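A.B. asks: Encoded as structure tokens, here's the structure I'll be asking about.
The values are calculated or read from the model by the stated rules, or taken from the named source; none is laboratory data. If you're wondering where the values come from, they're calculated on a predicted model, not measured in any experiment. Cβ atoms come from the backbone with ideal geometry, glycine included; neighbour counts cover every protein chain shown. Accessible surface is based on the protein model in full, side chains and every heavy atom, while ligands, DNA and RNA are left aside. Shrake-Rupley method; radii C 1.70, N 1.55, O 1.52, S 1.80 Å.
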Amino acid sequence: MSDVFVDNSTDFIFLGLSMFHTWHWSVFVIVLVMYILTITGNIIIITITSTNVHLHRPMYFFISNLSFIEMLYTSVTIPKILVLLTGNNKYISFRNCITQFYFFFALGSIECFLLSVMSYDRYCAVCKPLHYQLIMSGPVCRNLVLACWTMGFSTNLIPTFIIANLKFCSRNIQHFFCDLSPLLQLSCQNTNKLQTLNFLTASLIVLVSFTFTLGSYVRIILTISTIPSFTGKFKAFSTCASHLAVVLIFFGAVAFVYVRPRASTDFELNKVVSAVYIVVTPIVNPLIYSFRNKDVKMAIKKLFFRAIS
């Protein structure tokens with residue numbers, strides 16, 4: 001570590017993409033294409049769910065909110081990653097780094113909470129079909145989404161404030177965005193209490209959300225098992241399979257990196273796992289959530305023919 005104190009007027013330097021030095025343009029094209037597809041796919045989902053009256057249902061309301069969150073979530077990090085891959089600018093200001101850190105974790109937390117809400121929606125649809133419309137009414141859905149946003153932004157305020165007031169002895173970040181572990185490694189101070197706080201915060205957000213989601217699916221599976229016909233079982237489970245796939249990918253990757261009592265120093269492995277939920281998952285979600293859905297396919301066809309007519 002350098003003895004030079006890094007204050008809020010000093011730029012940090014990202015060193016996390018040095019491994020791609022010889023073929024950075026190839027990675028740039030891949031990441032750019034995936035980012036464009038992510039934004040385009042989620043815009044399509046938001047458009048059709050808001051304009052097609054047949055999709056004005058709780059499930060699609062939550063999916064459109066998830067799409068909006070993932071557009072913001074990827075936009076917090078990927079544009080800067082693309083700049084890094086060009087090799088033109090590896091710097092980020094202290095304030096921008098802390099801002100990126102806050103919004104990255106806030107939006108990630110909102111997604112955790114929203115995935116839990118979506119599991120509850122599927123539980124109500126499968127286990128309480130006669131009362132589904134009453135339970136998941138419009139005001140209830142809006143309030144649930146508002147609660148996700150409120151909790152996501154509020155739970156990350158204190159950890160971000162503490163990190164913003166740390167003293168840093170180096171400005172070289174061994175990552176491609178302002179993540180928790182690389183920032184703590186740069187601190188001159190003892191960060192044990194902060195690591196414990198972040199562990200508890202991550203555990204509260206990730207483990208509680210995942211446990212609630214898992215509990216919903218246990219109830220769903222038990223209910224589906226009582227359906228006498230195979231066709232009925234398949235139809236009931238098909239409404240949940242896409243959501244369950246997204247949950248396992250997202251929560252698995254996030255828990256691996258952040259639900260640890262101490263910040264991980266295995267930066268290379270963390271970078272690979274981070275790429276999963278920053279670049280891969282957002283582009284996979286529209287595909288497995290919506291574009292394989294018959295109602296969504298019909299809505300996209302109508303939107304396409306309306307656009308060319």
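A.B. asks: Report, to one decimal in Å, the Kirkwood hydrodynamic radius for segment 59-208 based on all distinct Cα pairs. Could the numbers behind the result be given before it?
C.D. replies: On the way: mean 1/r = 0.0579 Å⁻¹.
Averaging 1/r across every pair of different Cα atoms and inverting gives 17.3 Å.
A.B. asks: Over the alpha-carbon set of segment 117-205, work out the extent along each principal axis and list the three values in angstrom, largest first.
C.D. replies: Per principal axis, max minus min of the Cα coordinates gives 60, 23, 19 Å.
A.B. asks: Would you work out which of P58, I110, T38 lies farthest towards the positive end of the dipole of segment 1-130, given +1 charges on the beta-carbon of Lys and Arg and -1 on that of Asp and Glu, about the Cα centre?
C.D. replies: Of the options given, the answer is P58.
A.B. asks: Further, regarding this structure: Before rounding to the nearest 500, sum -39500 (n - 2.57) across all DSSP H runs of length at least 4 in the chain and divide by the residue total; then give [θ] at 222 nm in deg cm²/dmol. Intermediate results must be reported in sequence, preceding the final value.
C.D. replies: Numbers: 13 runs with 215 residues, N = 309.
Theoretical 222 nm ellipticity from helices: -23000 deg cm²/dmol.
A.B. asks: Quick one: which residues, 5+ away or cross-chain, put their amide H under 5 Å from the amide H of I173? H built at 1.01 Å from N.
C.D. replies: So I173 has HN proximity to I13, F14, L15.
A.B. asks: Identify all lysines with a Cα-Cα distance to K80 below 20 Å; exclude those on the same chain that are fewer than 8 residues away in sequence.
C.D. replies: K90, K271
A.B. asks: Ok, one more. Only one of the values (1) 1.08; (2) 1.76; (3) 0.95 was calculated from this structure for Cα Rg over 2.2 N^0.38 Å; name its label.
C.D. replies: It is the one labelled (1).
A.B. asks: Give me a comma-separated list of calculated 3J(HN,Hα) values for segment 176-181, in order, Karplus coefficients 6.51, -1.76, 1.60 applied at θ = phi - 60°, integers in Hz, x for any Gly or Pro.
C.D. replies: Karplus-based 3J(HN,Hα) across segment 176-181 equals 10, 7, 7, 8, 5, 4 Hz.
A.B. asks: Taking R0 as 41 Å, what FRET efficiency do you get between C169 and I288 from their Cβ-Cβ distance, rounded to the nearest 0.05?
C.D. replies: With a Förster radius of 41 Å, E is 0.40.
A.B. asks: If the label point is 7 Å along Cα→Cβ of A245, which residues in segment 53-72 have backbone nitrogen under 17 Å from it?
C.D. replies: Taking a point 7 Å out along Cα→Cβ of A245, the residues of segment 53-72 whose backbone N falls under 17 Å are 63, 67.
A.B. asks: Same structure, new question: Over segment 15-74, what per residue volume does the convex hull of the Cα atoms give, in whole Å³? Intermediate values should be presented prior to the final figure.
C.D. replies: Values: hull volume 4.5 nm³, N = 60.
Spread over its residues, the Cα hull of segment 15-74 gives 75 Å³ apiece.
A.B. asks: Per residue, how much accessible area does the chain show when a 1.4 Å probe rolls over the protein heavy atoms, in square angstrom?
C.D. replies: Accessible area per residue: 49 Å².
A.B. asks: Using each residue's phi in segment 88-93, evaluate 6.51 cos²θ - 1.76 cosθ + 1.60 at θ = phi - 60° and report the 3J(HN,Hα) Karplus result to the nearest Hz, with x for Gly and Pro.
C.D. replies: Coupling constants for segment 88-93: 7, 8, 9, 9, 9, 5 Hz.
A.B. asks: Right, here's the next one. For segment 33-138, what does the convex hull of the Cα positions come to per residue, in cubic angstrom? Could you put the intermediate results ahead of the total?
C.D. replies: Working: hull volume 11.8 nm³, N = 106.
It is 112 Å³ per residue.
A.B. asks: Using R₀ = 25 Å, calculate the FRET efficiency as 1/(1 + (r/R₀)^6) where r is the Cβ-Cβ separation of L82 and L303; round to 0.05. Walk me through the intermediate numbers first.
C.D. replies: On the way: r = 29 Å, r/R0 = 1.15.
It comes to 0.30.
A.B. asks: If you don't mind, another one. Tabulate in residue order the Karplus-calculated ³J(HN,Hα) for segment 209-225, using 6.51 cos²θ - 1.76 cosθ + 1.60 with θ = phi - 60°, rounded to whole Hz; enter x for Gly and Pro.
C.D. replies: Running phi through 6.51 cos²θ - 1.76 cosθ + 1.60 with θ = phi - 60° gives 4, 5, 4, 4, 5, 4, x, 4, 6, 4, 5, 5, 5, 4, 5, 4, 5 Hz.
A.B. asks: Note the full-extension length gain between L197 and S26 as 0.36 nm times their separation in residues minus their Cα-Cα distance, in nm to one decimal.
C.D. replies: Answer, rounded to one decimal: 57.6 nm.
A.B. asks: Next question, about the same structure. Starting from 0.36 nm per residue, how many nanometres of slack lie between A275 and I43 once their C-alpha separation is accounted for? Walk me through the numbers before you get to the answer.
C.D. replies: Working: separation 232, 0.36 × 232 = 83.52 nm, distance 2.17 nm.
Result: 81.3 nm gained on full extension.
A.B. asks: Per 0.36 nm of contour for each residue apart, how much would the distance between I158 and R142 grow if the chain were fully extended, relative to their Cα-Cα spacing? If you can, show how the numbers build up before the last one.
C.D. replies: Details: separation 16, 0.36 × 16 = 5.76 nm, distance 2.63 nm.
Separation in residues times 0.36 nm, less the Cα-Cα distance, equals 3.1 nm.
A.B. asks: While we're here: Gaussian network model of the chain, Cα springs within a sub-10 Å range: biggest mean-square fluctuation belongs to which of D295, D179, D121?
C.D. replies: The residue with the greatest mean-square fluctuation here is D295.
A.B. asks: Taking C-beta distances below 4.7 angstrom as the pairing criterion, name the unpartnered cysteines of the chain, in sequence order.
C.D. replies: Within the chain, the cysteines lacking a partner Cβ under 4.7 Å are C112, C124, C127, C141, C148, C240.
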